[in-house]
């Protein structure tokens, strides 16, 4: 297992007291990963320290404010492409099938395209597959990194690290297109409710499409949409 990918998956998971207790080990794993530059490892330290020692309720509130109340920071990758359309349902089914074919059965209430779930899966795969998958999602990772940097959030360092592991530079045009979407104001709950009005998601095969592998689906993530997020706290490790 790729322990660093597993550690990053946990960093991006909903914070719990169990996660706080595991932060010393998680931090040690990331600090020893030579695939990351010394600067990248240093930039992860503030997030690790904050998750370990911060008030758990404040940490949880910050996480929800970033990743649940902001559509443009959604950790559900297909939301950045398909929103809540039927196409997303077909892509989700294909992703679940790929997980099952590899013998991966995540114990979580999150959707299959949730980034921590995908990273947990990639932690079990050959490194070439890890790099190819992350490279195909590089523009999404870069956009998330840049949006978090604007908010001066230490979570931005996680996405910078994932881009280093991918070993590629994100396509500037694709990143710019994603960044054209206006940032949400998580304090304006009434406005967010109006924007997030969800349509039905059908998790069945799309009769008009095939079942590509996850890398192919991620490779098509060049057209941003206005997604409608939802949240379910992941199961504890």
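Bear in mind these aren't lab numbers, they're just calculated from the coordinates by the rules spelled out. Bear in mind the structure is a predicted one, so any value in this text is a computation, not a measurement. Because the Cβ atoms are built from the backbone with ideal geometry, glycine has one as well, and the counts that use them run over all protein chains shown.
Values computed for the structure shown
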read-out: Debye log10 I(q)/I(0) for region 62-140, one point scatterer per Cα, at q = 0.21, 0.28 Å⁻¹; value: -1.09, -1.47
read-out: Virtual spin-label span in nm between residue 150 and residue 21, 7 Å along Cα→Cβ; value: 3.9
read-out: Estimated translational D of region 18-164 in µm²/s (Stokes, Kirkwood radius over Cα pairs; 4 °C; 1.567 mPa s); value: 79
read-out: Unit Cα scatterers, Debye sum, region 99-146: log10 I(q)/I(0) for q = 0.13, 0.14, 0.20, 0.29 Å⁻¹; value: -0.33, -0.38, -0.73, -1.17
read-out: Burial ordering of 161, 4, fewest other beta-carbon atoms within 10 Å first; value: 4, 161
read-out: Region 1-154: relative contact order as a whole-number percent, Cα under 8 Å and 6+ apart; value: 33
read-out: Label-point separation, residue 61 to residue 45 (7 Å along Cα→Cβ), nm; value: 2.9
